[in-house]
1. At most 15 other Cβ atoms within 10 Å plus a DSSP loop assignment makes a site exposed; report the longest stretch of chain B without any exposed trypsin sites (Lys or Arg not before Pro).
2. Please identify the chymotrypsin sites (Phe, Trp or Tyr not before Pro) of the stretch B:140-239 that satisfy two criteria: DSSP loop assignment and at most 12 other Cβ atoms within 10 Å. Which are they?
3. As a test, work out the antiparallel percent of DSSP beta bridges whose residues both lie in the protein assembly as shown, rounded to the nearest 5.
4. Could you check what % of the DSSP bridge pairs in the stretch B:1-71 are antiparallel, to the nearest 5?
5. Quick check: the angle from helix B:263-294's long axis to the longest principal axis of chain B, C-alpha only, nearest 10 degrees?
6. List the lysines whose alpha-carbon lies under 26 Å from that of A:Lys9, not counting same-chain residues fewer than 8 positions away?
7. At a Förster distance of 22 Å, what's the computed FRET efficiency of A:Glu244 paired with B:Arg95, Cβ-Cβ distance as r, to 0.05?
8. Is it possible to state the helix-based mean residue ellipticity at 222 nm for chain A, with each DSSP H run of 4+ residues giving -39500 (n - 2.57), the sum divided by total residues, to the nearest 500 deg cm²/dmol? What is it?
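The values are calculated or read from the model by the stated rules, or taken from the named source; none is laboratory data. Everything numeric in this text was worked out from a predicted model, so none of it was measured. Cβ placement follows ideal geometry from the backbone for every residue including glycine, while neighbour counts extend to all protein chains displayed. Only protein heavy atoms, including side chains, enter the accessible area calculation; ligands, DNA and RNA are left aside. Shrake-Rupley method; radii C 1.70, N 1.55, O 1.52, S 1.80 Å.
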Amino acid sequence: MILGNRQIKVDGLEMAYGSFVVMRNLDFTVEGGKVTVIMGGSGCGKSTLLRHMIGLLEPSKGSIKFGDFDFTAADESTRDSMKQSFGVLYQGGALWSSMTLEENVALPLQTYTQLSSSEIREIVEFKLSLVGLSGFSQFFPGAISGGMRKRAALARAIALDPKYLFFDEPSAGLDPVSSQRLDDLILQLRDTLGATIVVVSHELASIFSIADHAVYLDAETRTMTDQGRPSDLLEKSPHPGVREFLSRGKTNG
Amino acid sequence: MQAEAQKASLEVSPLNNDGNVSIKVCGDWILDTKLPDRKELWNQLPSEATATLDFDFSSLGKWDTGLVVFLLGCIEESVRRGVQINQKQFPDGVRKLIDLSQAVPEKQTGRTEEPTSFLQTLGHNTREVLEGVNTFLAFTGEVTMGFARIFGKNKVFRPIDFITILYQCSAAALPIVGLISLLSGLTMAFVGAVQLQKFGAEIFVADLVGLAMVREMGALMAAIVMTGRTGASFAAQLGNMRVSEEIDALETMGIRPIDFLVVPRLIALILVMPLLCMYANVVGIIGGYLVGVLMLDMSTHQYITQTFKAMSLNDLFSGEIKSIFFGMVVAASGCFYGIHCGQSSAAVGRAVTRSVVTGITFIIVVDAVFAVIFHILGI
Ligand SMILES: Nc1ncnc2c1ncn2[C@@H]1O[C@H](COP(=O)(O)OP(=O)(O)OP(=O)(O)O)[C@@H](O)[C@H]1O
Ligand SMILES: [Mg+2]
C-alpha cells in the first residue's frame, strides 16, 4: 500500500479560479490520525481548499502530498484508487437524489467491496444508526430535512471506513444536540479508525471541542496567517485577526 | 386612521459666513414615495464656497431606508467634493444604520472588470469556442473509454437505474412520438392527395407516405421529439446533479460520472431509437391510411398492398441506421451539456437550451450526411 503514514502535506499551494487567486503560499501539515480544522471568514476559500485536497480542482501552483505520495502529480488511475480512501461530506450534503438513503450509503460498498448484499445491508443499517437515522433507510433525500440530509451524507462518507475524512461545515444547519453528537462522532472516528480528519468549520464551540490543530485562512492577505491548537491561538496568536475570530470579534472591544 | 403622507422635500438655506449651508429635511421619507433628487441638491448649493453641510431634521416625518440611502449618497458625494457633512445631527436610528453599513471596509477582491475592446471580445469568444470543441472531443474520448470499461471488471452499473432510464425514454415517450408521427402522416397524405387527385393518381398517396415516413420522417420525427423530451431531461437532471455537488461526490468516490451517468443513457437511447423509429413509421403510415380510406375511398387491402409494393428493405434499413446515430446525438448532447453545467440554477437553464438546440442542429446535419452517403451507395 502506498500509504505508510497518513499525514497530508500542503506545500506552497496557490488556488485560483481563472485569473482570480483565492489563496496563495499555503504551507501546512495535517497530522495523521488527528483532527485539523480549517477556519476563516465566509468566502475566504475554505471550501475551495477542501476541493483541492480531494482532487476536484487543480492547484495553479504547489502540491498536496498524502504520506509520501504526491497526489497532484499522480496520473488519473492512481488518483482514482487513492480516492477510495477518502470520505467527503459536502457543504450541501450532495446525496444522490435518485437513490434512497440505503442505496446512497450502499453504492460505495457495492463498488469497492465483494460483500454480499445482505452484508452490505447490515453495514448500511449500522452506519445510518451511527448518525441517528436508522428508521429512514428507505427515504429519498428529497423527503428528509436539511439536517438529516447532512447526517445521511456523513453516513455515506464513512461507508468504506476511509483513512481520510473531509467535512465541509458538518454542523451548519444542525440543532445544538445533533451538532454535539456529530462532534463526538468525529472524535470517535479519529480514535477508532485512526482516520486523518480535515474539518471546515466556523462554529467556535465545535472548533474548540474537536480540533487537535487549526489553520486560519485570512481573506485580506489571501494566505494562512496562523496555525496551532485553538486554545493556544486564542491566547497567544500574534495576529489580532485570529484572536478576534476565535473570540467572536470580542478582542475588538 | 392613517395620516396623509407628507411629501418629502428639502429646503436649502443660503450660505452663511462660515461657508455653512443648512438643509432642512421635511416630510415623510418613505421608499416608495417620490424622494428629492440628490443631483438637484448639489446643483442648488452655492458651488465653490460651501465648506460644511448641516442637515436639520426637525420637520422630518416618517423615514425608512429611502432616507438612509439618500444620506449615504450625500456622504459619498461630499467626500468627492471635499465638503464636510455634519453627521452629529442625524437622527439616532439613521446614524446607527450608516455606521453599521460602513463598519466593514470594502474588500479588495482582486477581480476587476476591465472594459473590453471588440478585438478582445472576438479573441475571447474564439478561444471559448475552441475550448468548447476541445472539451467535446475529450468527452467523446471519455465516453468511448467508458463503453470499453463496462465490459471490464471495475464496472459501475446499476441495473435499476438503467431500467428506469430505459422506461423514461421508451414507453413513456410512446404517446407523444405517436401523436406527432400520426399527424405528420395525416398531413403528408392530405397534401399529397390534393395534388395527386388532379391526375387521378390518388393510389400513390400510399407510396408517398410510406416512403417518406420510412426513409426520412419516422426517424427524424422520433429524434426531434426525443431531443426535446429526453435530451432536455438528461441535461436538466445531470445539470442539477452538478449544482448540488452530486457529480463531485461521485468523482471523489472514484466513480467516474461518465461511466455511471452518461454511458447507461447513451446505451438506452441507442437501443430505443430504432424501435421508436419503427413505431413512428407504423403510426405515420396509419395516418396516411386514414386519409386514403376515409377521404380517397381506397380499400384497406388496396392501401396496404400499395404501401408494401412501394417500399424495399433498403428503405427501411436506411431509416433505421440513421435512427441509431440520432439516438447517440440526442443522448450525447443532453449529457454533455448536463455534465459541463455551471454551478447555478441559471446554468441549468442554459444547459437545457443548448442541449436542445445543439441536438436538433446535429440531427439535421447527420441526416444530410446520410443523404449524401446513401446517394453515393445508391440505396
Ligand atoms: N466556481 C467558482 N468560480 C469562481 N469563483 C469562485 C467559484 N467558487 C468560489 N469562488 C470564489 O472563491 C472564493 C472562495 O469561495 P469558497 O466557497 O471556497 O468560500 P468558503 O470559505 O467555503 O465560504 P463559506 O464559509 O461561506 O462556505 C469566493 O470569493 C468565491 O466567490
Ligand atoms: Mg464553503
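1. B:199-379
2. B:Phe151, B:Phe199
3. That works out to approximately 45 percent antiparallel.
4. Taking every DSSP beta bridge within the stretch B:1-71, about 35 percent pair in antiparallel fashion.
5. Around 70 degrees separate the two axes.
6. Output for A:Lys9: A:Lys34, A:Lys46, A:Lys61, A:Lys65, A:Lys83, A:Lys163, A:Lys236.
7. Efficiency, from the Cβ-Cβ distance: 0.35.
8. Value at 222 nm, helices only, nearest 500: -11000 deg cm²/dmol.
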